[in-house]
Amino acid sequence: MNGLPFVDGDEVRRRIDPDRARTLIEGALKAGFDPADDPARAHADAGAGHLLLMPSTLGDWVGVKVASVAPDNPALGLPRIQAVYVLMDAKTLTPRTLVDGVSLTSLRTPATSAVAADHLAGPDASRLVVFGSGPQAVEHVVAMARIRGLGDVRMVGRTPHKVEAALAGLAERGITAEAGTTADVADADIVVCATSSAEPLFDGSLVRDGACVIAMGSHEIDRRELDSALMGRAQVVVEERGSALRECGDVVLAVEEGALSADDLVGLAPLVRGEVARRTDRPNVFKGSGMSWQDLAVAVGVAPTD
């Protein structure tokens, strides 16, 4: 492993833009990959926090993301989450490249959401409401702007100065947005929830039939951004049924409360392959928690070509 190349975050972003990331993720599903074959995310207590281990295999490639979560790090001036990705060839399992794992996550999460939204949002969708003001909220605006001609973008956050910073960051990237409120959900074509909230962010009855709602805030079964009323009346698409029932609080709590049946869940792969269509007579919800194959699909885009 001496001299194993390392692709840092800047280089990842130079090689893969949001459109390329979306294409890589959608391409894996269209090629026949079944997300149910992905190993479950593994958690392990470690030091002052815990580790997340996320292995996967896609065709000629194997990879694993090792992410550390250290809750006390921000007080030390360090990131709460750090990660590295090890990319290997499937034939010999020889490590080929190390990739910055945080940059992969920042690309693959909104790209996966955009794959879902491209199939669930109306073709003329132009009004976007995003809950959150952090990096994922910003990157989701960018990703949604790549699939639809957005004319009205609003960001809803608890901290005004963070919202203003997010709006300024979007302006630097050529996207005009403004601060919004929960009431804006009623007119939205696409709603994105990119927060760490443990409680529903808005009254689900505000969401119009035919609208698309993306929820990607957590992979914990006791936290949710969407209420059971919305989950119960929507077509609910998930990355994969088993992982959703293991990790997605929005789904698990709605099932426990009797608003949603596990049998009603639609997989992202059938949606992408055209076996399921968006609904116009009810909302369309995509709940994602992040899966290992998505990291690998994007990492393949930075794989060595020799």
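Less than 5 angstrom separates the built amide H of Met155 from those of Val130, Glu178, Ala179, Gly180, all sequence-distant by 5 or more or on a different chain.
Per-residue Karplus couplings for the stretch 95-112, computed as 6.51 cos²θ - 1.76 cosθ + 1.60 with θ equal to phi - 60°, are listed in order as x, 10, 8, 9, 10, 4, x, 5, 5, 4, 4, 5, 8, 6, 5, x, 5, 5 Hz, Gly and Pro entered as x. The figure for Arg15 is an accessible area of roughly 110 square angstrom, using a 1.4 Å probe on the protein chains alone.
Solvent-accessible area of Phe6, all protein chains in place: 120 Å² (probe radius 1.4 Å, heavy atoms, ligands and nucleic acids excluded). A simple charge model with +1 on the Cβ of Lys and Arg, -1 on the Cβ of Asp and Glu and nothing else charged puts the dipole of the chain at about 440 debye relative to its Cα centre.
Distant-in-sequence amide contacts of Cys193, defined by a placed amide H-H separation under 5 Å and a gap of 5 or more residues or a different chain, comprise Phe131, Ile214, Ala215, Met216. Helical runs (DSSP H, four residues minimum) scored at -39500 (n - 2.57) apiece and divided by the length of the chain put the mean residue ellipticity at 222 nm at -9500 deg cm²/dmol. Ranked from largest to smallest solvent-accessible area, with a 1.4 Å probe on the protein heavy atoms, Thr181, Thr97 come out as Thr181, Thr97. Sorting 69-81, 110-122 by their mean Cβ neighbour count within 10 Å, with the most densely packed peptide first, gives 110-122, 69-81.
Match the structure shown to one of the listed values (i) 29, 56, 16, 0; (ii) 34, 60, 6; (iii) 30, 51, 19, 1 of P(r) over Cα pairs in 20 Å bins from 0, in percent, computed from it, and give that label. The value computed from this structure is option (ii). Per residue, the solvent-accessible area of the chain (1.4 Å probe, heavy atoms of protein chains only, all protein chains present) comes to 44 Å². Each residue of the stretch 283-294 was assigned a 3J(HN,Hα) from its phi angle through the Karplus expression (A = 6.51, B = -1.76, C = 1.60, θ = phi - 60°), giving x, 10, 10, 10, 10, x, 10, x, 10, 4, 4, 5 Hz with x at Gly and Pro.
Ignoring any ligand, DNA or RNA, what whole percent of the accessible area of the stretch 93-251 comes from carbon and sulfur when the probe is 1.4 angstrom? Please list the in-between numbers first.
Details: 2970 of 5950 Å².
Ligands and nucleic acids excluded, carbon and sulfur reach 50 percent.
Counting only Cβ charges, +1 for Lys and Arg and -1 for Asp and Glu, the dipole size of the stretch 101-226 around its Cα centre is about 300 debye. Taking the centroid of alpha carbons for each part, the stretch 46-82 and the stretch 107-136 are 25 Å apart. As a rough guide to protection, the peptides 183-189, 247-253 ranked by mean Cβ packing within 10 Å, highest first, stand as 247-253, 183-189.
Phi-derived couplings, Karplus 6.51 cos²θ - 1.76 cosθ + 1.60 at θ = phi - 60°, listed residue by residue for the stretch 24-29: 5, 5, 5, x, 4, 6 Hz, with x used for Gly and Pro.
The values are calculated or read from the model by the stated rules, or taken from the named source; none is laboratory data. None of these values were measured; they are calculated from a predicted model. Please note: Cβ atoms are built from the backbone with ideal geometry, for glycine as well, and neighbour counts cover all protein chains shown. Surface areas here come from the heavy atoms of the whole protein model, side chains and all, with no ligands, DNA or RNA. Shrake-Rupley method; radii C 1.70, N 1.55, O 1.52, S 1.80 Å.
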